[in-house]
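The values are calculated or read from the model by the stated rules, or taken from the named source; none is laboratory data. Keep in mind it's a predicted model, so treat the numbers as computed, not measured. So basically every Cβ, Gly included, is an ideal-geometry build from the backbone, and we count neighbours across all protein chains shown. For the accessible areas, the whole protein counts, side chains as well, though only heavy atoms, and no ligand, DNA or RNA atoms are used. Shrake-Rupley method; radii C 1.70, N 1.55, O 1.52, S 1.80 Å.
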Amino acid sequence: MRRTITRLGPWQPHAEGLNQIILLLLLDNLPFSTVIRTQIRMQLLHFSLFGDFNNYLAFILSRAKDVPVEIRKVAGLLLKNGLMAVYNLIEPEHQQYIKLQLLYGLGEANQHIRSTCGTTISNVIQQGGILGWPELFHTLLHFLNSGDPNRNGGAMDALSKISENTPELLDSDDAWSGQRPINIFLLELFEFFHSPHANLRKLSLRFVNKYIISMPSGLYTSKNKYLDGLFLLANEPDAAVRKLVCTALLQLVEFHPSVLEPRLKDVIECMLQLNKDNNDVVALEACGFWSKYWDAQIPSENLREYLPRLTLVIDAKEDESIPDRYQDLKPQLPCSDEDDDTCTICNLRKCSASALDVLSNVFGAKILLTFMPIIEANLSATGDEAWRDKEAAVLALGVIARGCNNGLYPRLSEIVASLIPLLDHKFTLIRSTSCWTLSQFSKYIVQDSGNKKGYEQFDIVLTALLQRISDTNKLVQGAACSALAILEEEAAEKLAPRLKEILQHLMHPLGEYQKRNLRIICDAIGTLVDAVGEELDQPVYVEILIPPLLQKWQNFSIFDKDLLTLLECFTSIVQALGSIEFSEFTEHLFSRCITIIEAQQRLAKAHPFSDKDFITCSLDFLSGLTGCFDSGIESLVLQSNLRDMLLKCCRDGAPDVRQSAFGLLGDLARVCPIYLHPRVPEFLYLAVKQLKIPKLEKTISVANNACWAIGELAVQVPQEISPFVTTVISCLIPILHQSEGVEKSMVENSAITLGRLAFVCPELVSPHMEKCMQPWCISLSTTRDGIEKEDAFKGLCAMVKANPSVAQSSLVYVCKAIASWKKIWSTELNTEVCKVMHDYQQMLTNEAWDKFMSDLDPLVKANIAKYLV
């Protein structure tokens, strides 16, 4: 291949150079050794230094029809990448040659060549702009009108690539002689909806759909033509085209519902048809239309006449797609990733269920006239061949439970009676779905349990679910545990009479449960603990509950993820068992958590992206343990190296770790402050650092716990806090001033911590009161009563004494804060508040005080009266 030279006439490739490049491309495509392939590519690199190398590639791509398509595609890829790097450095006559070859290639019979040319054209536009290729749009329009299917497809492909890489170009006034190209091209593309060539119908629809959201004027003014085309293509034999029709209508109803409203009847008919499509992928896409319909707030009355048909269509899609080999699929839970067909079926069921849920919430009991006869017929069906219909009916009944509660509640006993036998059905999917559906009626089952008949029904449901926990099938086990957790949450203290039996059923299969089901049963245990509260705080229950959990715990290594599930469960338990004597059980858990944190911190040195959940869960458990066993925990803490590990977590941990670490720091400061010496200044420095992060909202939970820990340290080790007071206040004041944009708990903790600092270091806090007295009082007025609020008010009283002039200017806010107390239980604080109010009264003249009181909100005035006696 020779270097390019000045020549007369258009550029033409030299046969020798052309053959050399083709040979290298052929060789590069063969399975040679790495050494040989490197040599080949070095030769190609050498040729790329010649000024007309890209011309040769363009020729091979578009004109070398005797060369294998794969080699031409490789030439196209090299051309595309080369132009991205050097297009604007290429001589203008070479640029023009390359453009001509690319346009020629758009009419190539091979679709892959057309696609490669379209991609490269798009890249040229990215590099040189449309002003550098002014004839492009005219040529593409000519190709669309040519009657040549290859040129038609090539033009659409190029337009599609341009719309992806430079979407603003086609919708710009400057792109084509003052016209918006997209408006011109859309009119042409609508015509291809009627093309005899299936591929062109698909390409044209796919392109037009790209502009639904932006809705250029050309699409809006031709909306009826577009909709007519969609209704026509809904009958397309190609499922991919029917799916594109669904996508178009879903986007229109979501982003431009007004476009559909004049043609709503046609749209609904079309979607009902697509909902029944034999292709599950199409049906799945169509199913999503109804939820978006409701979200668009189109009047529901428009659907009333279609309600019977719509209900039937959705119910059918919950049922018809479940072949025997999929009968272990759990509804509304993720499918396994072993089979794409399985996932499509599961997602179709979920999407159908979601649509039915929305339908029931919009129309309520009105759908029951159509729906209940179908459900009743399918529930009463007998024979193994009817199991799909039966399961679909059970699932649908659970889906509509919430939306149709007014119509279903009178039939509750009938519904429960029909579901209970199905918990023993031979098909596992029917058993698992029946568990889920029963859980959807939990609220009403518990609600009815106040009378004898209702309690018997509640008892039957509880017993049946407890039995399914030991089912031989893992799917049913998980469904039963999930259903039980929902029932527990609703029943709460009503479970107390059967607490022993429930615990025994939950603990019995614990040793066999693994992974996902272990998480579900631990959730059921945790929910039970939260539901019954202090009822669990008895030795007989602890003996049933703790040993199996501890045995399971000891079976796992400290790197097993299942350990985290048990740790979260133990955290709930220790918080409920606050009065149980500190035991060997809690001592063992404490030591194991310390070991986990140590091991994970060592692992993090070698693997920076190690799993932080182990440390986070361990810290949360230790925090719960510290809060429950104030005195018992102290000896363990003093004997451990928890302090240094905690410091490292506060300093080096990820946000989740730091959040938990500062929470534990606050607990330790309250229970065992002496243990934190001599590292208190380091802890305070790190805690204050969390409040100084510029974008606080991104780590708000970390800052929240750090703020709370600072307040606890201020109370417990006041001598250590002085050097940090000014910095902390400078961080807290902006939070109090911007309270509307910050989490309520963060604002509340800031107000409490400010009060604690004010109480222990009044002389350091007082100079700042002018900047924050009013927002501070506003925050305190919305803070719940408790010891922490008492601490904050001690600081407020100290500030009123130290800075009476500022306090007087904020008198209304101080009164509102004081009025927020339901009752101040601390006699000492009550006395201080009374003194503050009397001091205010003394500061003003009688006339000024009377005027102030008369202007005060009547409720505030009534609530502070007791402090003026």
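Worth pointing out:
- When the stretch 692-719 is filtered for residues that are out of contact with any Pro (no Cβ under 6 Å at 6 or more places or on another chain) and outside any helix (DSSP H, G or I), the ones remaining, listed by number, are Lys692, Ile693, Pro694, Lys695.
Matching residues to (1) aliphatic (A, V, I, L, M); (2) surrounded by fewer than 15 Cβ atoms within 10 Å (Cβ to Cβ):
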| residue | (1), (2) |
| --- | --- |
| Leu503 | yes, no |
| Asn517 | no, no |
| Thr527 | no, no |
| Asp537 | no, yes |
| Glu543 | no, yes |
| Leu549 | yes, no |
| Asp562 | no, no |
| Leu566 | yes, no |
| Leu577 | yes, no |
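- Residue-level analysis places Ser380 among those that are without any contact (Cβ under 8 Å) to a residue 12 or more places away in the chain and of a type outside the set (A, V, I, L, M, F, W, C).
- Residue in the stretch 774-794 that is open to solvent by 70 Å² or more (accessible area, probe 1.4 Å), over 19 Å from Gly711 (Cβ atoms), of a type outside the set (Gly, Ala, Ser) and out of contact with any helix residue (DSSP H, G or I) (no Cβ under 6 Å at 6 or more places or on another chain) present: no
- For the stretch 599-615, the criterion of being of a type in the set (S, T, N, Q), crowded, with 19+ Cβ neighbours inside 10 Å and under 25 Å from Ala479 (Cβ atoms) is met by no residue.
- Once the stretch 689-718 is narrowed to residues that are closer than 14 Å to Ile729 by Cα and of a type in the set (D, E, K, R), the residue that is surrounded by the most Cβ atoms within 10 Å (Cβ to Cβ) is Lys689.
- Scan of the stretch 438-482 for residues that are farther than 20 Å from Ile520 by Cβ and basic (Lys, Arg), ordered by number: Lys443, Lys452, Lys453
- When Val253, Val245 are screened for being assigned to a helix (DSSP H, G or I) and under 21 Å from Glu188 (Cα atoms), only Val245 passes.
- Meets criteria (at pLDDT below 60 and open to solvent by 50 Å² or more (accessible area, probe 1.4 Å)) for Glu301: no
- If the condition is being part of a helix (DSSP H, G or I), within 34 Å of the chain's Cα centre (by Cα), farther than 18 Å from Met271 by Cα and basic (Lys, Arg), then the stretch 200-242 contributes Lys202, Arg206.
- For Asn224, the criteria (1) crowded, with 21+ Cβ neighbours inside 10 Å; (2) under 26 Å from Ser172 (Cα atoms); (3) not basic (Lys, Arg) hold in every case but one, which is (1).
- Condition met for Ile40 (without any contact (Cβ under 8 Å) to a residue 40 or more places away in the chain, part of a helix (DSSP H, G or I) and of a type in the set (Val, Ile, Thr)): yes
- Filter result for the condition that a residue is open to solvent by less than 80 Å² (accessible area, probe 1.4 Å) and in contact with a Cys (Cβ under 7 Å, 6 or more places away or on another chain), over Val806, Val833: Val833
- Just one of the listed residues (Ser146, Ser115) is surrounded by 18 or more Cβ atoms within 10 Å (Cβ to Cβ) and either of a type in the set (Gly, Ala, Ser) or in a loop (DSSP other than H, G, I, E, B) (or both), namely Ser115.
- When the stretch 346-361 is filtered for residues that are out of contact with any Lys or Arg (no Cβ under 6 Å at 6 or more places or on another chain), buried (at least 18 other Cβ atoms within 10 Å of the Cβ) and of a type in the set (S, T, N, Q), only Ser360 remains.
- Residue that is farthest from Gly118 (Cα to Cα) [pool: residues in the stretch 58-80 that are among the aliphatic types (A, V, I, L, M) and open to solvent by 50 Å² or more (accessible area, probe 1.4 Å)]: Leu78
- Any hit, the stretch 170-178, residues being open to solvent by less than 10 Å² (accessible area, probe 1.4 Å) and at negative phi: yes
- Considering residues of the stretch 34-68 that are small (Gly, Ala, Ser) and at pLDDT 80 or above only, the residue farthest from Thr120 (Cα to Cα): Ala64
- Any chance Ser854 is over 44 Å from the mean Cα position of the chain (by Cα), surrounded by 14 or more Cβ atoms within 10 Å (Cβ to Cβ) and farther than 20 Å from Gln774 by Cβ: no
- Residue that is modelled with pLDDT under 90 and either hydrophobic (A, V, I, L, M, F, W, C) or touching a Ser or Thr at 6+ places or on another chain (Cβ under 7 Å) (or both), where the choices are Leu348, Leu379, Leu397, Leu368: Leu348
- Test: residue in the stretch 727-740 that is closer than 22 Å to Thr783 by Cβ, without any contact (Cβ under 8 Å) to a residue 12 or more places away in the chain, among the acidic types (Asp, Glu) and out of contact with any Lys or Arg (no Cβ under 6 Å at 6 or more places or on another chain): yes
- Scanning the stretch 717-765 for residues that are among the polar types (S, T, N, Q) and over 22 Å from Ala802 (Cα atoms) turns up Gln738, Ser739, Ser745, Asn749.
- Residue that is modelled with the lowest pLDDT [pool: residues in the stretch 150-169 that are closer than 23 Å to Thr116 by Cβ and open to solvent by 50 Å² or more (accessible area, probe 1.4 Å)]: Pro167
Conditions (1) in contact with a helix residue (DSSP H, G or I) (Cβ under 9 Å, 6 or more places away or on another chain); (2) in a helix (DSSP H, G or I); (3) closer than 26 Å to Thr565 by Cβ, marked per residue:
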position	(1), (2), (3)
Ala604	yes, yes, yes
Asp611	yes, no, yes
Asp656	yes, yes, yes
Glu682	yes, yes, no
Gln690	yes, yes, no
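- Note on the stretch 649-696: residues that are modelled with pLDDT under 90, within 22 Å of Leu638 (Cβ to Cβ) and among the β-branched types (Val, Ile, Thr) total 2.
- Hey, Gly511 outside any helix (DSSP H, G or I) and touching a residue at least 24 places away in the same chain (Cβ under 8 Å) or not: yes
- Subset of the stretch 727-746 that is surrounded by fewer than 24 Cβ atoms within 10 Å (Cβ to Cβ) and β-branched (Val, Ile, Thr) - its residue that is modelled with the lowest pLDDT: Val742
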